[in-house]
Amino acid sequence: MSFDSLNEAFDVSSEIVSSEPEQVNLLQKLDNLLNTQAITSLDNIIMGGDFNVVRDIELDKVGGSRIKKEKTNAILDNIVTKYDLCDVWRIKN
C-alpha cells in the first residue's frame, strides 16, 4: 500500500470526530480500507494522529466525562489486533 493510494482513498486530515457514531464510522472506514490492501506480515503500517479515543480512563483521562466509548474501543481493538499495531506513545511513556 503506498502513501498516495492511502491518501487518495482515506483523507481524514481535516476530520475531527468526537461523538461515538462518528468515531465508529471513521474506524470502520479505516478497517475497510486496510482490508482492501494486500497487507502481509512483511509490511509495516505506520499511522499518525489523534483518534480522540480514551483507551484507558485511568491513564488517558483527566477531567471531563469519564465515559469510555465501548463500540469505538472494540473496533479500534480489532484493528490493532488484526494488523499487529502498537501505540508507540504508550510504550515510550
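The values are calculated or read from the model by the stated rules, or taken from the named source; none is laboratory data. Fair warning: this is a prediction, and the values are worked out from it, not measured in the lab. Don't worry about glycine lacking a Cβ; one is built from the backbone with ideal geometry, like all the others, and counts go over all protein chains shown. When the accessible area is computed, the model is the full protein with side chains, heavy atoms only, and any ligands, DNA or RNA have been set aside. Shrake-Rupley method; radii C 1.70, N 1.55, O 1.52, S 1.80 Å.
Here is how the numbers come out for the structure above:
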item	result
All helices (runs of 4 or more DSSP H) inside the stretch 1-77 with 3 or more residues being open to solvent by 80 Å² or more (accessible area, probe 1.4 Å), within 22 Å of Ile91 (Cα to Cα) and at pLDDT below 85	none
Verdict on Asn73 being within 16 Å of Val17 (Cβ to Cβ), of a type outside the set (A, V, I, L, M) and within 15 Å of the chain's Cα centre (by Cα)	yes
